[in-house]
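Undergrad: Before I ask anything, here is the structure I am working with.
The values are calculated or read from the model by the stated rules, or taken from the named source; none is laboratory data. The structure displayed is predicted, hence computed values, not measured ones. In this analysis, Cβ positions are derived from the backbone assuming ideal geometry, glycine residues included, and neighbour counts consider all displayed protein chains. Protein only, heavy atoms only, side chains kept; ligands, DNA and RNA dropped before computing areas. Shrake-Rupley method; radii C 1.70, N 1.55, O 1.52, S 1.80 Å.
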Amino acid sequence: MLLEDHLEEGRKTLEVTLDELREARRRRGLLGSALLNAFPGARTYINGSVAHGDANTPLTDVDLGVVVDVAGYGPEAAGPLPLMEQARDAIREHLKDEFDNLTVTVEGQKRSVLVRFGAPVTPETDFTADVIVALDHPGTGLWIPNTTIAAGWDRAHPEKHTELVLQANEDTGNVFARTVRLLKHWRAHHGKPLCSWNIKALALGCIADQKRPLLQALQEFFTYAADEMAAGLTEDPAGVAGKIKLPSGMTRERAAWRLGLARDKVTAAIEHEQAGRHALAQHALHSVLPHVVADSDQGAQMAEQALLTTGASAASLLVPGPDTPARAWSPR
């Protein structure tokens, strides 16, 4: 199999199932009905992986926002807690008869009303929802809650984000979404250097314009993203919310290094394949996407390496696998 074939087969194992999607959308619809009843004149918007078409299985959550038309709230007025509590009460009342173990939490939440359904969509995990109660910004975008600051609100534009991602999916024949799925898998198995939205924001800058093979999309993403992260944090693609923060404990330099390491491995995989070293090519790509691309036979790897390198230990020159301890991968 060619590397592209491995990616096409492997990405299917990541895709959320239709049953998961249907149930997630149904529950999102229930939440939307509760919120629209609670806030006359409001509108809802969808965001996150389900809305963007890049959800992986098992599906664990869904995102929904409601933009309310009420006076007396905003950075120069009241904070978001009363609105969040009103949303919490409406959700509890609307969904309590169907979900016996439902919990809806505002306390301790920075931005969202956290809904725990207590009824898994799949056997592997419970299913939650993050509900944002937002206000229209007088210029562009929304005010969304931030209970950790005095003003109580941050500026954002999640509706524009969804519009940009859906347009990228259309322009690329869904290669954008398929690549994002692979990148989220890479993220989960390599120290979580970026949040999912940061991955998508970077991808909008390099692979959102046209259809391309998945392998090419991965190489172009990692090349672009490594350079961008080395230069600075990622800007909000909607031009509203400022720079995207990295996960807690992650530095920009370390995130750039991880992106560069993935770039080098994907490039090595392509070069090996072009030279007919298929075992080494598959091994290199496996190290980036374990469980999506199976590892190749070690004997075949060593035989190809021995032909490539004269007088060197074949085993010492193999690309490190995904199970190498984290300390061995740390930059000096």
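Undergrad: Quick one: which of GLY65, GLY41, GLY72 is buried (at least 20 other Cβ atoms within 10 Å of the Cβ) and not aliphatic (A, V, I, L, M)? Give the derivation first.
TA: On the way: GLY41 fails: buried (at least 20 other Cβ atoms within 10 Å of the Cβ); GLY72 fails: buried (at least 20 other Cβ atoms within 10 Å of the Cβ).
Just one listed residue meets the conditions, GLY65.
Undergrad: A follow-up question, please. Among VAL121, VAL115, which is of a type in the set (A, V, I, L, M) and modelled with pLDDT of 95 or more? Reasoning before the result, please.
TA: On the way: VAL121 fails: modelled with pLDDT of 95 or more.
From the options VAL121, VAL115, the qualifying one is VAL115.
Undergrad: Further question on the same structure: From the list PRO120, PRO82, pick out the single residue that is over 28 Å from the mean Cα position of the chain (by Cα) and surrounded by fewer than 18 Cβ atoms within 10 Å (Cβ to Cβ). Please lay out each step first, then the result.
TA: Numbers: PRO120 fails: over 28 Å from the mean Cα position of the chain (by Cα).
The unique qualifying residue is PRO82.
Undergrad: Going through segment 187-211 one residue at a time, which ones are over 9 Å from the mean Cα position of the chain (by Cα), within 15 Å of LYS245 (Cα to Cα) and part of a loop (DSSP other than H, G, I, E, B)?
TA: Narrowing segment 187-211 to residues over 9 Å from the mean Cα position of the chain (by Cα): 188-193, 201-211.
Add one more test, that the residue is within 15 Å of LYS245 (Cα to Cα), and what stays is 192-193, 201-202.
Of everything in segment 187-211, those that are over 9 Å from the mean Cα position of the chain (by Cα), within 15 Å of LYS245 (Cα to Cα) and part of a loop (DSSP other than H, G, I, E, B) turn out to be LYS192, PRO193.
Undergrad: Kindly indicate the residue of segment 153-186 that is hydrophobic (A, V, I, L, M, F, W, C) and not in a helix (DSSP H, G or I) and also farthest from ALA284 (Cα to Cα) among those meeting that condition. Talk me through it step by step, then tell me what you get.
TA: First pass over segment 153-186, keeping only residues hydrophobic (A, V, I, L, M, F, W, C): 153, 156, 164-166, 168, 175-177, 180, 182-183, 186.
In the following step, the residues that additionally are not in a helix (DSSP H, G or I) were identified as 153, 156.
Details: TRP153: 45, ALA156: 39 Å.
The qualifying residue farthest from ALA284 (Cα to Cα) is TRP153.
Undergrad: Kindly establish whether PRO247 is over 23 Å from GLN216 (Cβ atoms) and either within 17 Å of the chain's Cα centre (by Cα) or aromatic (Phe, Trp, Tyr) (or both).
TA: Values: over 23 Å from GLN216 (Cβ atoms): yes; either within 17 Å of the chain's Cα centre (by Cα) or aromatic (Phe, Trp, Tyr) (or both): yes.
Yes: the conditions hold for PRO247.
Undergrad: Tally the residues that are surrounded by fewer than 21 Cβ atoms within 10 Å (Cβ to Cβ), among the hydrophobic types (A, V, I, L, M, F, W, C) and closer than 18 Å to LEU261 by Cβ, restricting the search to segment 185-198.
TA: Going through segment 185-198 one residue at a time, the tally reaches 1.
Undergrad: When segment 85-117 is examined, which residues are found to be surrounded by fewer than 18 Cβ atoms within 10 Å (Cβ to Cβ) and of a type in the set (Val, Ile, Thr)?
TA: THR103, THR105
Undergrad: Tally time: how many residues in segment 179-214 are farther than 16 Å from LEU14 by Cα and touching a helix residue (DSSP H, G or I) at 6+ places or on another chain (Cβ under 9 Å)? Show your work before the answer.
TA: Applying the first criterion (farther than 16 Å from LEU14 by Cα) to segment 179-214 yields 190-195, 197-213.
Next cut, touching a helix residue (DSSP H, G or I) at 6+ places or on another chain (Cβ under 9 Å) only: 190-191, 193-195, 197-213.
The number of residues fulfilling the criteria is 22.
Undergrad: Quick check, is GLY108 small (Gly, Ala, Ser) and under 23 Å from the mean Cα position of the chain (by Cα)?
TA: Values: small (Gly, Ala, Ser): yes; under 23 Å from the mean Cα position of the chain (by Cα): no.
Against the criterion (small (Gly, Ala, Ser) and under 23 Å from the mean Cα position of the chain (by Cα)), GLY108 does not qualify.
Undergrad: I need every pair where a residue in segment 66-89 that is over 13 Å from PRO145 (Cα atoms) and free of Cβ contacts under 8 Å to residues at least 60 places away in the same chain has its Cβ under 9 Å from the Cβ of a residue that is among the hydroxyl-bearing types (Ser, Thr, Tyr) and part of a strand (DSSP E or B), sequence separation at least 6 or different chains.
TA: Pairs found: ARG88/THR105.
Undergrad: Would you check which residues across segment 212-243 are touching a residue at least 40 places away in the same chain (Cβ under 8 Å), open to solvent by 30 Å² or more (accessible area, probe 1.4 Å) and part of a helix (DSSP H, G or I) and list them?
TA: Passing the criteria: GLN219, THR223.
Undergrad: What are the pairs, 6+ residues apart or on separate chains, where a residue within segment 1-30 that is charged (D, E, K, R) has its Cβ under 9 Å from a residue that is outside any helix (DSSP H, G or I) and loosely packed, with under 14 Cβ neighbours inside 10 Å?
TA: These pairs meet every condition: GLU9/MET1.
Undergrad: Do you know which residues across segment 281-293 are more than 17 Å from THR267 (Cα to Cα) and either of a type in the set (Phe, Trp, Tyr) or surrounded by 15 or more Cβ atoms within 10 Å (Cβ to Cβ) (or both)?
TA: Of all residues in segment 281-293, those more than 17 Å from THR267 (Cα to Cα) come to 291-292.
Matches in segment 281-293: VAL292 only.
Undergrad: What do you reckon, is ALA55 over 30 Å from ASP171 (Cβ atoms) and small (Gly, Ala, Ser)?
TA: Working: over 30 Å from ASP171 (Cβ atoms): no; small (Gly, Ala, Ser): yes.
Answer is no for this residue.
Undergrad: Moving on. Would you mind telling me which numbered condition in (1) out of contact with any Pro (no Cβ under 8 Å at 6 or more places or on another chain); (2) exposed (fewer than 15 other Cβ atoms within 10 Å of the Cβ) GLU4 fails?
TA: (1)
Undergrad: Checking LEU59 against (1) open to solvent by 20 Å² or more (accessible area, probe 1.4 Å); (2) over 27 Å from PRO80 (Cβ atoms), only one condition comes out false. Which one?
TA: The one condition LEU59 does not meet is (1).
Undergrad: Name, by its number, the condition in (1) touching a residue at least 60 places away in the same chain (Cβ under 8 Å); (2) out of contact with any strand residue (DSSP E or B) (no Cβ under 6 Å at 6 or more places or on another chain); (3) not charged (D, E, K, R) that does not hold for VAL175.
TA: That leaves (1) as the condition not met.
Undergrad: Being buried (at least 21 other Cβ atoms within 10 Å of the Cβ) and more than 14 Å from ASP61 (Cα to Cα) is the requirement here; does ILE144 meet it? Break it down stepwise before answering.
TA: Working: buried (at least 21 other Cβ atoms within 10 Å of the Cβ): yes; more than 14 Å from ASP61 (Cα to Cα): yes.
Here the answer is yes, as ILE144 does meet what is asked.
Undergrad: For segment 161-175, what are the residues that are farther than 16 Å from VAL16 by Cα and either touching a helix residue (DSSP H, G or I) at 6+ places or on another chain (Cβ under 8 Å) or open to solvent by less than 30 Å² (accessible area, probe 1.4 Å) (or both)? Quick ask: steps written out before the conclusion?
TA: Filtering segment 161-175 down to residues farther than 16 Å from VAL16 by Cα leaves 161-173.
HIS161, THR162, LEU164, VAL165, LEU166, ALA168, ASN169, THR172, listed by residue number.
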